[in-house]
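Notes follow once the structure below has been shown.
The values are calculated or read from the model by the stated rules, or taken from the named source; none is laboratory data. Since the structure is predicted, the reported quantities are computational estimates derived from the model, not experimental observations. Here the Cβ is made from the backbone with ideal geometry for all residues, glycine too, and neighbour counts use every protein chain on show.
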């Protein structure tokens with residue numbers, strides 16, 4: 001059984017959720033059941049600066065203060081930190097609790113990805129534990145690669161520091177963040193088994209019951225999975241993210257009509273009208289009776305200020321499909 005944890009390592013609930021998942025998996029019901037726990041990236045603070053700032057200084061920023069209040073309605077950031085600290089202590093995390101830095105978790109996510117690539121789930125889990133302990137218990141700056149180098153060494157990932165310096169994992173982590181968004185992940189942590197998801201650091205017994213029910217996720221070819229994720233991002237109003245996932249498909253399957261149509265829609269939605277027009281003209285040229293492609297071409301030409309050129313395409317699309325009238 002594969003269990004995915006979509007989480008941010010600077011999220012206290014992710015660390016608490018890790019402990020609760022471990023408690024759930026310690027249940028005798030899972031004895032002898034092969035379980036692989038894989039960490040996937042999520043960002044709760046995507047605007048955090050590349051260079052870390054002391055947390056007390058960051059909390060003076062009204063935007064940060066407001067964001068924290070949204071996370072815990074009715075509590076001040078200080079009250080919420082006390083609450084989370086008490087819960088962490090109850091889960092055996094400590095003795096001290098409390099981050100000291102507002103740090104970008106991007107490089108930490110790269111380190112986790114690389115740990116899984118080079119050492120599998122067990123090494124990745126060891127790195128995740130040490131990264132979160134460094135951030136929440138030791139008060140270290142995990143936005144600093146020197147901290148991550150030490151963490152990697154402690155976890156037994158000897159090549160981790162050197163790999164980070166090469167930029168390895170950069171594209172993969174950015175894609176995984178988009179895939180998480182496409183799959184509807186919106187909370188850290190979110191535990192996924194098959195096609196089922198459990199949001200939040202739920203109590204161990206809730207997690208145990210969730211895992212026990214299992215889940216099935218139909219295996220699809222990588223190309224089909226990527227296309228579906230790209231379409232989901234477009235549906236979620238992220239055309240630029242959609243195009244990031246589409247790029248390898250455009251390179252490898254540039255003649256595939258489904259790939260081209262989705263790219264045209266993403267170009268149109270992101271106001272890349274020249275690219276949208278070129279792609280749609282190709283599609284209409286190949287299949288003149290495709291009413292949707294012709295309609296979208298007409299709308300693209302309209303947005304380019306070419307009303308006369310747009311008119312025949314819009315008229316033909318309306319004649320073929322009344323919905324475009």
Subject >> Sole residue being in a loop (DSSP other than H, G, I, E, B), farther than 30 Å from residue 56 by Cα and out of contact with any strand residue (DSSP E or B) (no Cβ under 8 Å at 6 or more places or on another chain), chosen from 201, 158, 162 >> reply: 158
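Test residue 237 against the criterion of being more than 25 Å from residue 313 (Cα to Cα), free of Cβ contacts under 8 Å to residues at least 24 places away in the same chain and in contact with a helix residue (DSSP H, G or I) (Cβ under 9 Å, 6 or more places away or on another chain), and give yes or no.
On the way: more than 25 Å from residue 313 (Cα to Cα): yes; free of Cβ contacts under 8 Å to residues at least 24 places away in the same chain: no; in contact with a helix residue (DSSP H, G or I) (Cβ under 9 Å, 6 or more places away or on another chain): yes.
In short, no.
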Original post:
For segment 7-66, how many residues are closer than 25 Å to residue 113 by Cα and part of a helix (DSSP H, G or I)?
Top reply: 14
**OP:** Would you point out which residue out of 252, 307, 276 is modelled with pLDDT of 95 or more, touching a helix residue (DSSP H, G or I) at 6+ places or on another chain (Cβ under 9 Å) and farther than 30 Å from residue 221 by Cβ?
**Re:** 307
**OP:** Within segment 71-94, identify whether any single residue is in contact (Cβ under 8 Å) with a residue 40 or more places away in the chain and touching a strand residue (DSSP E or B) at 6+ places or on another chain (Cβ under 9 Å), and answer yes or no.
**Re:** no
**OP:** Could you tell me which residue of segment 185-203 is nearest to residue 265 (Cα to Cα), considering only residues that are surrounded by fewer than 18 Cβ atoms within 10 Å (Cβ to Cβ) and touching a helix residue (DSSP H, G or I) at 6+ places or on another chain (Cβ under 8 Å)?
**Re:** 196
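Taking segment 22-47 as the region of interest, how many residues are out of contact with any strand residue (DSSP E or B) (no Cβ under 6 Å at 6 or more places or on another chain), surrounded by fewer than 23 Cβ atoms within 10 Å (Cβ to Cβ) and on the phi < 0 side of the Ramachandran plot? Show your work before the answer.
Residues of segment 22-47 that are out of contact with any strand residue (DSSP E or B) (no Cβ under 6 Å at 6 or more places or on another chain), as a first pass: 22-35, 41, 43-47.
Subsequent filtering for residues that are surrounded by fewer than 23 Cβ atoms within 10 Å (Cβ to Cβ) retains 22-23, 25-35, 43-47.
Subset that is on the phi < 0 side of the Ramachandran plot: 22-23, 25-31, 33-35, 43-47.
The number of residues fulfilling the criteria is 17.
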Subject >> Number of the condition not met by residue 31 [criteria: (1) without any contact (Cβ under 8 Å) to a residue 24 or more places away in the chain; (2) under 12 Å from residue 211 (Cα atoms)] >> reply: (2)
**OP:** Sort out which residues of segment 225-244 are surrounded by fewer than 19 Cβ atoms within 10 Å (Cβ to Cβ) and closer than 18 Å to residue 171 by Cα, and write them in order of number.
**Re:** 225, 240, 244
**OP:** Looking only at segment 212-224, decide whether some residue is touching a strand residue (DSSP E or B) at 6+ places or on another chain (Cβ under 7 Å) and either surrounded by 15 or more Cβ atoms within 10 Å (Cβ to Cβ) or touching a residue at least 24 places away in the same chain (Cβ under 8 Å) (or both).
**Re:** yes
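Here is a check on your reading of the model: is residue 152 assigned by TED's automatic domain parsing to the domain that holds residue 44, under 18 Å from residue 104 (Cβ atoms) and touching a residue at least 12 places away in the same chain (Cβ under 8 Å)?
The answer is yes for residue 152.
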Original post:
Right, residue 78: more than 24 Å from residue 108 (Cα to Cα), assigned by TED's automatic domain parsing to the domain that holds residue 200 and not in a helix (DSSP H, G or I) or not?
Top reply: no
